Amino acid sequence: MAWIAGVDGCKAGWVAAILDLAGQAPPILRVVPRLAELLVDMPSLTLIAIDMPIGLPDRLNGSGRGPEQQVRPLLGQRQSSVFSIPARPAVEALDYREACRLALATSQPPRKVSKQGFHLFPRIREIDLMLRADTALRDGVFEVHPELAFATMRGEPLTHPKKIKGTINPAGMAERQALLLAQGIPSDIMQARPPKGAAGDDALDALAALVVARHILAGRGRPFPDPPERDSHGLPIAIWTYWPDRPPPQDPAMTDRPVPHAMIEAAAQRIAGHARVTPVMRLGTGAFGSDADISLKLECLQHAGSFKTRGAFNNLLALDVPAAGVAAASGGNHGAAVAFAARSRGVKATIFVPEISPAAKIEAIRRFGAEVVIGGAQYDDAQAACDRFVAQTGALKIHPFAAKETIAGQGTLGREWQGQEPDLDTVLVAVGGGGLISGIAAWFAGTKVKVVGVEPEGSRALQAALEAKGPTEVKVASVAADSLGARNVGPLVYGVCKDTVDHVALVPDAAITQAQVTLWRDFRLAVEPGGAAALGALLCGAYKPVPGERLGVLVCGANIDLTKLATLVG
């Protein structure tokens, strides 16, 4: 008799979904305290797919082993479920402090060990010792990841999380059960009470691993990386899924983009009730002397004074927050948003700001309860200081633009805007690091809406990247440098914008300050330079709409020192 099994860790040890290849019987679920017991009781097991890391490098470069780095981008919002397993010396440590010390010494950039990851170490060591002792097992035991298996079944990342704050999410369980049902797993097995010592989600993960095992046995296995790497003991280092017989039909605009619509939809559901729905002000044709039909999207009225609040909440609600809290580097607005969101969630926040940050923005960060650290002269210096802090403490870094969670959160602005103004032809969006325009452009991708970026003449990181066909460094000197002063947009922002942003319009500082004055004089809106930049492009002619064009202008930041505004308006 030949058997295959899908195995997942559980409270009592291991839960295995076992299938008899020779018979017609459905899979059975079984819990064993030690994996070796399963092999002793069922010596004819032909293939095991197991949700546990196999193969441990002696050193790491980047955020985890190679398979973990390759798989995360395939999972959308579920990326955080792929833990960063440290190098072998750390996994072999029995004490948490010692594991952290060894992990820092064997990783670049240096990374500590999460408590959740440390709790997995005994099971990782168990399977590691078993495979090192019995080389014959190596060709029949495959590392899998349930969320990757489910994403393969669906053809794109899942819509619902399996758990929310440690509690089972019925919508997530139903989504996974439907996918298993389509793979031939009987519904009564999924609906039955799981074996003692295993939870319902553990059983589903074991069944997902069994699905992958069945495909690997049929020759459809797909490893990440391909071919698998090997550690110093000869163990394979790869996470396996499979090639579907017929990939499901996909909308390229929804699935092949770095930040697909589904990710933004999920972010919108996640942050609902936390971020404000900001209003649109319809000005009609002729406003500002233009022949276009103009409206202003007043995101300057968002919590903490800017759109950054959307991305901050999405990070905090989508990712696991460690005891050390969250950390961010910011010219001001991102820091204020992270501080506001962290206070709302009862989370500690440490914000690193450069010396050029306006006093009003630093005061706002402190007012929201965060610790402020001056991290150097420019933004990049603050980011470097933040990175060192994260490596030392294990805090969760919330990047202002180079993170999909951030971009998806900012993309909810585009989703909201489209619902308020469904007939827009063009939107003007200010660009700093590019997280905002990436999210908005990702949302409008595949529609008739043209997304135009607006950058100061003295701070043009996105335009430079689009011209160079890749991220590139620029010098920064602008009245809006505290919010629109990134030197490099980075590969993620470039990857989104290269196919979704129509072009970038450059505006002089004088047009930006003119827009600030206009917004105060005509609408009594106190707006910072970066928040007024998009309107500046219209006022100075850097963007020239055609007659009758439905033009939306984003007003995106209100954290202005009122004494400076008073000086501008006289």
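The values are calculated or read from the model by the stated rules, or taken from the named source; none is laboratory data. Note that the coordinates shown come from a computational prediction; the quantities given were computed from them, not determined experimentally. A quick note on method: Cβ atoms are made from the backbone with ideal geometry, for glycine too, and the neighbour counts reach across all protein chains shown.
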Consider the stretch 274-313. How many of its residues are in a helix (DSSP H, G or I), in contact with a strand residue (DSSP E or B) (Cβ under 9 Å, 6 or more places away or on another chain) and under 30 Å from residue 166 (Cα atoms)? 6
Show the residue pairs meeting these rules: Cβ distance below 6 Å; 6+ apart or different chains; first residue within the stretch 83-102 and of a type in the set (S, T, N, Q); second residue part of a loop (DSSP other than H, G, I, E, B). 84/63; 84/64
I'm trying to understand the selection: among the residues of the stretch 47-59, which are touching a strand residue (DSSP E or B) at 6+ places or on another chain (Cβ under 8 Å) and loosely packed, with under 14 Cβ neighbours inside 10 Å? 59
Can you say whether residue 514 is under 28 Å from the mean Cα position of the chain (by Cα), surrounded by fewer than 22 Cβ atoms within 10 Å (Cβ to Cβ) and not in a loop (DSSP other than H, G, I, E, B), as far as the supplied structure shows? no
Quick one: which strands (runs of 3 or more DSSP E) lie wholly within the stretch 333-432 and hold at least 3 residues that are surrounded by fewer than 24 Cβ atoms within 10 Å (Cβ to Cβ)? 371-374
Sole miss for residue 457 among (1) without any contact (Cβ under 8 Å) to a residue 12 or more places away in the chain; (2) surrounded by fewer than 17 Cβ atoms within 10 Å (Cβ to Cβ) is condition (1)
Meets criteria (buried (at least 17 other Cβ atoms within 10 Å of the Cβ), under 21 Å from residue 225 (Cα atoms) and at pLDDT below 95) for residue 62: no
Checking the conditions here, which among 48, 28, 18, 54 is touching an Asp or Glu at 6+ places or on another chain (Cβ under 8 Å) and assigned by TED's automatic domain parsing to the domain that holds residue 233? 54
Given the criteria assigned to a helix (DSSP H, G or I) and aliphatic (A, V, I, L, M), does residue 103 qualify? yes
Name the residue, out of 480, 486, 461, that is touching a Pro at 6+ places or on another chain (Cβ under 6 Å) and closer than 20 Å to residue 333 by Cβ. 480
